[in-house]
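Notes for the one structure printed next.
The values are calculated or read from the model by the stated rules, or taken from the named source; none is laboratory data. It should be emphasised that the depicted structure is a prediction, and the values quoted were computed from it without experimental measurement. Note: ideal-geometry Cβ built from the backbone for every residue, glycine included; neighbour counts use all protein chains shown.
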Amino acid sequence: MNVFSLRTGFICCVLLALEPATLHAQNQAVQPSQTPGARGAAGENPKYSEQQLQEMITKLQGRVKKAADTVLGRILKEEDDVHIKFSYFRKPERLDPNQYGSKDDIVIWQSSLKQFRDKENGLDKLYANADLDLGNALIQQQINQSVADQVKNELLKSFPWSVIKKKSELMRDFIAEHDDLLTFIDKNWGTWKSGPKPGTTTFDDPHLATTFQDLQTKINATGQQIEDQYKLMAQQP
């Protein structure tokens, strides 16, 4: 699931916003010899034609895109992996004790849940390191430090940080709630039976019935909130 993307047009807008002197610094960093006609008097900013500026922007745009693709590629891959695992646990049968044939099945899904948690933790770490990773990736593309800092800051502004944070918090809740459900099923193995309707479960013990219903309700509510956050991320301009 491609939750958000970095468009070429946005990169171009970022570069167009840079001062000509900044672009000159990048041009000098990559190609020390000055472009004919671009020299200015001592102490003056160099003068560039519109064509020369566009050429510098085009070259820089390519380097920025490579750097951004490297960092965002890792993030988006991890986002896809997390979304796949979320989808597995979002299925109704994961909330139905009758779908577990034995306690061995519970162990298997607890292991899958741990993998899910590890993936989410890895995604959180990638977002936390995005500032550093983008900075390093831009420098590796031979982009001048001052230009790299400006571009990095603009790229980071394009991240829907409030949505990312909210989704992360909800995902941790979702995983913890599923852990509680699996523990409940394991602890109370065999105390339920299939309900009158497909996919429903009944308990003779009213307390167990209430606890089970509460867990189902919490998981479904959290899952829906996560889906809402995914939709918001996909709508980011």
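Here are a few things to note about the model shown:
- Filter result for PHE159 (within 27 Å of HIS83 (Cα to Cα) and outside any helix (DSSP H, G or I)): yes
- For GLN115: the one exception among (1) exposed (fewer than 14 other Cβ atoms within 10 Å of the Cβ); (2) within 12 Å of the chain's Cα centre (by Cα); (3) in contact (Cβ under 8 Å) with a residue 24 or more places away in the chain: (2)
- Every condition in (1) closer than 13 Å to PRO97 by Cα; (2) buried (at least 16 other Cβ atoms within 10 Å of the Cβ); (3) among the charged types (D, E, K, R) is met by LYS167 except one, and the failing one is (1).
- Of the residues making up the range 184-197, none is closer than 29 Å to LYS77 by Cα, of a type outside the set (Asp, Glu) and without any contact (Cβ under 8 Å) to a residue 60 or more places away in the chain.
- Residue within the range 129-146 that is of a type outside the set (Val, Ile, Thr), in contact with an Asp or Glu (Cβ under 6 Å, 6 or more places away or on another chain) and crowded, with 19+ Cβ neighbours inside 10 Å present: no
- Selected residue (criterion: surrounded by the most Cβ atoms within 10 Å (Cβ to Cβ)) from residues of the range 203-234 that are in contact with a Pro (Cβ under 9 Å, 6 or more places away or on another chain) and at pLDDT below 95: MET233
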